[in-house]
């Protein structure tokens, strides 16, 4: 039964990883090839480009740990531990995943600034500030995952990369840190910002003239709907794994690496895979760009 579940998890990761990489690579290609690409006009596109890169990297680094596991003889000893920390342990996958979450927070922050003063360019993020936010997001994601690069090691008994903490209290505190920084705080932050955005776009400006609605509010409503959808999907896909990680070290070590835990990781990968489909379903312009890109191929 366990073997069948492992095969099912591998197949799920393989399908999601391929869809994730192809979909997000297509998003990157479309954004970079847009003739109308101008930084100040399409700040949101620049943020979605960063999000797509992070999501694509989730697929790349998920493959060694969850797809190729058991298909090759993993080295042991120092080389095996080193391989776990940088390739087969999934540390870089979680780094890219955290960067994806922080990118969503940046999108929410950008939407809030733009919507608060729809007729002014002053509140749009400058090129320098946006680059700074993106660099901070990736740096913070790397720092958050830094402990894993020291505790991950190869277990010869299970033939799997596991976390080998020096003290039992450390993984418990680390799990709480992840739930807080990647789960609770981003959700609270984005709910707060998008509540203000929804009020500005759907309630406060309901009496705006027809021309103003067409020029300013309708396009922003579409972009905001897409951003909110991404946030909802992220919450659904990430929170189960963050909670189970804490349970694994607070209640029972058997939870870590269990079928339930592995399927919760599948959900986090699903989050990165789903984003390109959200763009396609909610943006007619994006669908047109996909048709053009596929025609050129």
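Some points to look at:
- Taking the number of Cβ atoms within 10 Å of each Cβ as an exposure proxy, the fewest-first ranking of 13, 150 is 150, 13.
- Where labels lie 7 Å past Cα in the beta-carbon direction, separation of residue 281 and residue 136 in nm: 3.2
- Simple label model, 7 Å out from Cα along Cβ direction - residue 236 to residue 7, nm: 3.0
- Packing-based exposure ordering (other Cβ within 10 Å, fewest first) of 222, 262: 222, 262
- Estimated FRET transfer efficiency when R0 is 30 angstrom, pair residue 72-residue 270 (beta carbons, to 0.05): 0.70
- Sorting 188, 107 from the fewest to the most surrounding beta carbons within 10 angstrom yields 188, 107.
- Segment residue 170..residue 22, full-extension length gain: 49.5 nm, with 0.36 nm per residue of separation and the alpha-carbon distance subtracted.
A short reminder: the numbers here are calculations on the coordinates, not readings from a lab. This one's a predicted model, so the numbers in the text were calculated from it and none came from an experiment. Every residue, glycine among them, receives a Cβ derived from its backbone with ideal geometry; neighbour counts consider all protein chains shown.
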